[in-house]
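Undergrad: Sharing a structure with you now.
The values are calculated or read from the model by the stated rules, or taken from the named source; none is laboratory data. Here the structure is a predicted model, which is why all the values come from computation and not from measurement. Counting neighbours? That spans all protein chains shown, and the Cβs are built from the backbone with ideal geometry, glycine included. Heads up: the accessible areas ignore ligands, DNA and RNA and are worked out on the full protein's heavy atoms, side chains in. Shrake-Rupley method; radii C 1.70, N 1.55, O 1.52, S 1.80 Å.
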Amino acid sequence: MRPQIVFWISAIVRMFVVLILGGITWSFWGVVPGLAVSLVGMIILICVQLHYLMSLADWLDHPSSTRLPDGWGAWTEIFSRLYKLRRGDEKNQAELAEWLARFRQAMTLLPDGVVIMDDVLFLEWCNPVAEKHLGLSLRQDKGMRVTNLVRSPEFMDYIILGRYETPLTLSFRERKLIVHIIPFENRRQILVTHDITESERIDMMRRDFIANASHELRTPLTVINGFLEIASLQPDLDVTIRATHLKLMTEQGERMQRLVEDMLTLTRLESMDYPVRNEHVNMRAMLEQIVQEAEALSAGRHHIALEFDGPDVHGSVDEIRSALINLVTNAIRYTPENGQIRLLWKNMAQGPRFIVQDSGIGISAEHISRLTERFYRVDKSRSRETQGTGLGLAIVKHVLLRHDASLVIESTPGVGSKFSVQFPLSSVRYPDAHLPLETSVN
Ligand code: ADP
């Protein structure tokens, strides 16, 4: 039955009962007591209704703290319906809060910054990445104008022009950001920031590398082409001159070959698909062989000494050999005649350490941090004279990175340089260790 009908029926029944009681009193004790009983009955009924109305008003004021009474008559139905509505409402609110928490968590995990602003750019909410990108603090800056927080003329122009269809590339706080504003919900806007600092840096490195490599290859190519042109224009050139030209062309060809080989080595070392081999590196055999090669390169112009007191390691034999030989040949190339070159292999608390110390030309402090960059040279002509490609220390850096090792360079111009390679303790190969690939330097 519909609640309105129940309400009316129970109200009519209650009034009817009061009237019957009044009529019975009237018939036994006369009109005045009859009317008095009816009046008192009606007042009691009205008081009951008022009591429930007040309970309802109380509950509406404090729905969560006040309990609804069980009610009487039609009130039972009203209160139970209100209770159900409230339960439904509480459930919806809990669901909404859960969704909001999930949404916030998802926004926190986003790699991009998200800022929600109102139509006049007052900050309403932002995720931690946006705080980092734009230097905001949600706790302190909420309610403030974003243009007062992101103080950049490019950003201001973007806002003033309002051409939000194209994103803005913004250099801000030593980062390069792609900033995009998307209006939504009529009176709100989302600002999305995407950090491209790292990809820009890699792009620039790639561009620089290509430019440098092309430049390095162009010089020997020009020399070879020049001699080829002379040879084709003057077929009856003197034999000794022709021999000199051929010698110079061969040297330039070899230089190009060294460059291409070093570039390929670097590319391979950087490649993820080329894992480090886990081989037994017989350090004594390797270093003795390196000393022999160094002596051949020096041709008796330097005093080369090896002090060996360290363990064998494991890693890629070819890579470690190429890193160490690069350091040793540099020491020879940058040390004048009669200079001293000391090679040390020793065991330190942090792990095995390889040191190459020379009494050469040295390097001034401002260059040291840049030496492992590709094609970085302190003195270009000296590097070329000694057949350098400018990639040696970049190769060393990559090999060491792949072996969790590090390079420390100490140098004093005019006195000499010291290149120390620190291998980790975990690289030590203990005599009884069993490795899948057992190879040693021969
Ligand atoms: P390069 O082929 O030019 O030698 P590297 O990458 O091996 O290239 O070295 C980079 C630069 O570091 C060299 O051009 C040189 O200026 C400097 N350098 C490297 N080793 C030494 C050293 N032992 N003494 C002085 N300068 C050095």
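Undergrad: Residue under question is Glu385, and the condition is that it be more than 9 Å from the ligand (Cβ to nearest atom), modelled with pLDDT under 95 and under 28 Å from Glu254 (Cβ atoms); does it hold? Spell out the reasoning first.
TA: Values: more than 9 Å from the ligand (Cβ to nearest atom): yes; modelled with pLDDT under 95: yes; under 28 Å from Glu254 (Cβ atoms): yes.
Considered against the rule, which asks whether it is more than 9 Å from the ligand (Cβ to nearest atom), modelled with pLDDT under 95 and under 28 Å from Glu254 (Cβ atoms), Glu385 comes out as yes.
Undergrad: Cβ-Cβ below 7 Å, separation at least six or inter-chain, first residue in segment 72-93 and assigned by TED's automatic domain parsing to the domain that holds Ser10, second among the β-branched types (Val, Ile, Thr): which pairs?
TA: Final answer for the pair search is Trp72/Val48; Ala74/Val6; Glu77/Val6.
Undergrad: Turning to a different aspect of this structure: Consider Met249 against the criteria (1) in contact with a Leu (Cβ under 8 Å, 6 or more places away or on another chain); (2) closer than 22 Å to Ser322 by Cβ: it satisfies all of them except one. Which criterion is unmet?
TA: It fails just one condition, (2).
Undergrad: What do you reckon, is Ile178 at pLDDT 95 or above, closer than 30 Å to Glu373 by Cα and either part of a helix (DSSP H, G or I) or of a type in the set (Val, Ile, Thr) (or both)?
TA: On the way: at pLDDT 95 or above: yes; closer than 30 Å to Glu373 by Cα: yes; either part of a helix (DSSP H, G or I) or of a type in the set (Val, Ile, Thr) (or both): yes.
Yes, satisfied.
Undergrad: In addition: Given the conditions (1) under 30 Å from Thr267 (Cα atoms); (2) open to solvent by less than 60 Å² (accessible area, probe 1.4 Å), report the number of the one that Phe227 does not fulfil.
TA: Condition (1) is where Phe227 drops out.
Undergrad: Among the residues of segment 266-279, write down those that are open to solvent by 30 Å² or more (accessible area, probe 1.4 Å) and more than 21 Å from Gly392 (Cβ to Cβ).
TA: Met272, Asp273, Pro275, Arg277, Asn278
Undergrad: What number of residues within segment 273-317 satisfy the criterion of being in contact with a strand residue (DSSP E or B) (Cβ under 7 Å, 6 or more places away or on another chain) and of a type in the set (Gly, Ala, Ser)?
TA: 6
Undergrad: Among the numbered criteria (1) open to solvent by less than 20 Å² (accessible area, probe 1.4 Å); (2) more than 11 Å from the ligand (Cβ to nearest atom), which one does His398 miss?
TA: (1)
Undergrad: Which of the residues spanning segment 43-52 are in contact with a helix residue (DSSP H, G or I) (Cβ under 9 Å, 6 or more places away or on another chain) and either farther than 27 Å from Arg81 by Cα or open to solvent by 80 Å² or more (accessible area, probe 1.4 Å) (or both)? Spell out how you get there, then give the answer.
TA: Looking only at segment 43-52, we keep the residues that are in contact with a helix residue (DSSP H, G or I) (Cβ under 9 Å, 6 or more places away or on another chain), and these are 44-45, 48-49, 52.
Once the filter is applied, which keeps residues that are in contact with a helix residue (DSSP H, G or I) (Cβ under 9 Å, 6 or more places away or on another chain) and either farther than 27 Å from Arg81 by Cα or open to solvent by 80 Å² or more (accessible area, probe 1.4 Å) (or both), segment 43-52 yields only Ile44.
Undergrad: Find the strands (runs of 3 or more DSSP E) located wholly in segment 302-380 whose residues include 1 or more that are within 13 Å of the ligand (Cβ to nearest atom), and list them.
TA: Numbers: elements: 303-309, 312-315, 340-348, 351-358.
Ranges flagged: 340-348, 351-358.
Undergrad: Which is over 42 Å from the mean Cα position of the chain (by Cα) and assigned by TED's automatic domain parsing to the domain that holds Ser427, of Glu319, Glu288? Spell out the reasoning first.
TA: On the way: Glu319 fails: over 42 Å from the mean Cα position of the chain (by Cα).
Checking each option against the conditions leaves just Glu288.
Undergrad: Would you be able to say whether some residue in segment 297-315 is assigned by TED's automatic domain parsing to the domain that holds Leu371 and within 30 Å of Arg206 (Cβ to Cβ)?
TA: Yes, segment 297-315 contains a residue that is assigned by TED's automatic domain parsing to the domain that holds Leu371 and within 30 Å of Arg206 (Cβ to Cβ).
Undergrad: Being surrounded by 13 or more Cβ atoms within 10 Å (Cβ to Cβ) and of a type in the set (Lys, Arg), is that true of even one residue in segment 148-164?
TA: Looking for residues that are surrounded by 13 or more Cβ atoms within 10 Å (Cβ to Cβ) and of a type in the set (Lys, Arg), one finds none in segment 148-164, hence no.
Undergrad: If I ask for residues that are open to solvent by less than 40 Å² (accessible area, probe 1.4 Å) and under 30 Å from Asp141 (Cβ atoms), which ones from segment 68-111 would you list?
TA: Met107
Undergrad: Looking at this structure, is Ile196 surrounded by 12 or more Cβ atoms within 10 Å (Cβ to Cβ) and modelled with pLDDT of 90 or more?
TA: Working: surrounded by 12 or more Cβ atoms within 10 Å (Cβ to Cβ): yes; modelled with pLDDT of 90 or more: yes.
For Ile196, the condition - surrounded by 12 or more Cβ atoms within 10 Å (Cβ to Cβ) and modelled with pLDDT of 90 or more - is met.
Undergrad: Still on this structure, please answer the following. Looking at segment 144-175, which of its residues are of a type in the set (A, V, I, L, M), under 25 Å from the mean Cα position of the chain (by Cα) and outside any strand (DSSP E or B)?
TA: Residues satisfying the conditions are Val146, Leu149, Val150.
Undergrad: Looking at the structure I just gave you, is Gln105 farther than 30 Å from Ile5 by Cβ and assigned by TED's automatic domain parsing to the domain that holds Ala11? Can you show your working first?
TA: Details: farther than 30 Å from Ile5 by Cβ: yes; assigned by TED's automatic domain parsing to the domain that holds Ala11: no.
No: the conditions fail for Gln105.
Undergrad: Right, next: Within segment 1-20, can you find the residues that are surrounded by 11 or more Cβ atoms within 10 Å (Cβ to Cβ) and modelled with pLDDT under 85?
TA: Pro3, Val6, Phe7, Trp8, Ile9, Ser10, Ala11, Arg14
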